[in-house]
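To keep things clear, I will list the structure first and then write my remarks on it.
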Amino acid sequence: MNVAALNLRRHYDYMSEAIDSRIAKCLEHQRWILGPEVKELEGKVGEWLGVKECVGVASGTDALLVGLRSIALKTKGEEFFDEVDEILTTPFTFSATAEAILRAGAKCVFVDIEAGSFNLDTEKVRDYLREHGEKVAGIVAVHLYGQSCNMDELNEIADEYGIFVLEDVAQAFGGKWSGGKLGTFGTAGAISFFPSKNLGGWGDGGMVVSQDSELAEFVRVLRQHGGKDKYNVSYTGYNSRLDSIQAAVLLGKLGYVEELNAKRRKIAVYYDEKLRELEGLVCPEVHEKAEHVYHQYTVRVKDGKRDAVNERLKAAGIGTAVYYAVPLHKMRLFEKGRVVKGDKLEVSERASGEVLSLPVDPLLNMEEQEYVCLQVKEAMKGS
Ligand SMILES: *Cc1c(COP(=O)(O)O)cnc(C)c1O
């Protein structure tokens, strides 16, 4: 048997009517750039998340970048951050998070993660701020694998130091903290609609969300060349718009997100039950205030056995993945230049050698879930 990490063809079969009818409307009106679907999606996502402002952009990466630049425009009155402005983030994330910080002009400071949630360790964030607080402009908080960072702590820290929090919600669309949806806690949130995300389009797409209308206005200006009127611009902007046809696909799929996230959570419960007792394997730890939406179901394989177990699972037809084998501070781009290691980053380094993500496609059937667990048991035994 083969169990893919994600079978998008199956997703299309499941939702094709809802999507096709939306696409058909685009074919009628032919308004491909910032057409009616983009506005409708912005409204519906805003309603669903409980956030005032939503602005569709061309990718999750652009949502981070344009989000940061809008914060610079609002708080500093400058187009970019300066290299003396430090922005804290985790080294245990996709490179786009830190890339956006550098492209927004700031210095990127890596602070280590908690072993349990794989998210920013707020004690270490406090330690860094105690020493260097006056240089720090803000924090980019990544909700990794679909689980919320500790937003109580982060918002308390942000208030204390008067700094911003930008939530990287790329992996956690629909995830919650204390009953509220992610993206609504920080100064702003950046969402990705990359095809494999919990709400994925048929190409690239993203969105900046915020309760702050002034900030959202800067996002609207920057996504369209830097002017309210694109033929008379004020700032160094981008061509970063969400396509109408992507918005149409996303509108069709939005109605399924709640159900599919619930299915992911159910698979996670099953995996937890079957795998919890395995020696040398650690199932995901979830904070009591977090509602994890399992963009990834990621275990730790201890004792240096991760790669061997991974090979065995791949040979058994299981679509595993390692997110992330190389923490950002070990990558050439982030080894020097406008980058600081805020602490030893040991927890991130250990995680990069132990993590293994198992298929958690919400449409996996029972037989496939059983097969994954059986093969994980076999692979652990044989490694
Ligand atoms: C996917 C992802 C991004 C980037 O989103 P794109 O839409 O691919 O540009 C940023 N941060 C994290 C944590 C991601 O997983």
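Taking the criterion of being surrounded by fewer than 24 Cβ atoms within 10 Å (Cβ to Cβ) and of a type in the set (A, V, I, L, M), the residues of the stretch 46-68 that qualify are LEU49, VAL51, ALA58. Selection of first residues in the stretch 190-210 that are in contact (Cβ under 8 Å) with a residue 60 or more places away in the chain and closer than 20 Å to GLY319 by Cβ and of second residues that are charged (D, E, K, R) and more than 7 Å from the ligand (Cβ to nearest atom), restricted to Cβ pairs under 8 Å at least 6 apart or on distinct chains, gives the following pairs, ordered by first then second residue: ASN198/ARG264; GLY200/LYS253.
Taking the condition touching a Lys or Arg at 6+ places or on another chain (Cβ under 7 Å), over 19 Å from HIS329 (Cα atoms) and in contact (Cβ under 8 Å) with a residue 60 or more places away in the chain, does VAL66 pass?
Criteria met by VAL66.
Annotation: of all residues in the stretch 160-181 being without any contact (Cβ under 8 Å) to a residue 60 or more places away in the chain and either crowded, with 19+ Cβ neighbours inside 10 Å or among the hydrophobic types (A, V, I, L, M, F, W, C) (or both), the one that is nearest to ARG265 (Cα to Cα) is VAL169.
Among the residues of the stretch 322-339, just one is surrounded by 16 or more Cβ atoms within 10 Å (Cβ to Cβ) and in contact with a His (Cβ under 9 Å, 6 or more places away or on another chain), namely VAL339. It is to be established whether one or more residues within the stretch 99-110 are closer than 20 Å to LYS336 by Cα, among the β-branched types (Val, Ile, Thr) and under 17 Å from the mean Cα position of the chain (by Cα). Within the stretch 99-110, one or more residues are closer than 20 Å to LYS336 by Cα, among the β-branched types (Val, Ile, Thr) and under 17 Å from the mean Cα position of the chain (by Cα). Cβ-Cβ under 7 Å, sequence separation 6+ or interchain: first residue in the stretch 275-303 and modelled with pLDDT of 95 or more and assigned to a loop (DSSP other than H, G, I, E, B), partner of a type in the set (Val, Ile, Thr) and within 16 Å of the ligand (Cβ to nearest atom). Which pairs? From residues that are modelled with pLDDT of 95 or more and assigned to a loop (DSSP other than H, G, I, E, B), the pairs are PRO284/THR298; TYR294/VAL360; GLN296/VAL360. Just a yes or no: is a residue in the stretch 81-91 on the phi > 0 side of the Ramachandran plot and touching a strand residue (DSSP E or B) at 6+ places or on another chain (Cβ under 9 Å)? No, that holds for no residue.
The values are calculated or read from the model by the stated rules, or taken from the named source; none is laboratory data. In this text the structure is predicted, and so the values were computed from the model without any measurement. Cβ: placed from backbone, ideal geometry, glycine included. Neighbour counts: every protein chain shown.
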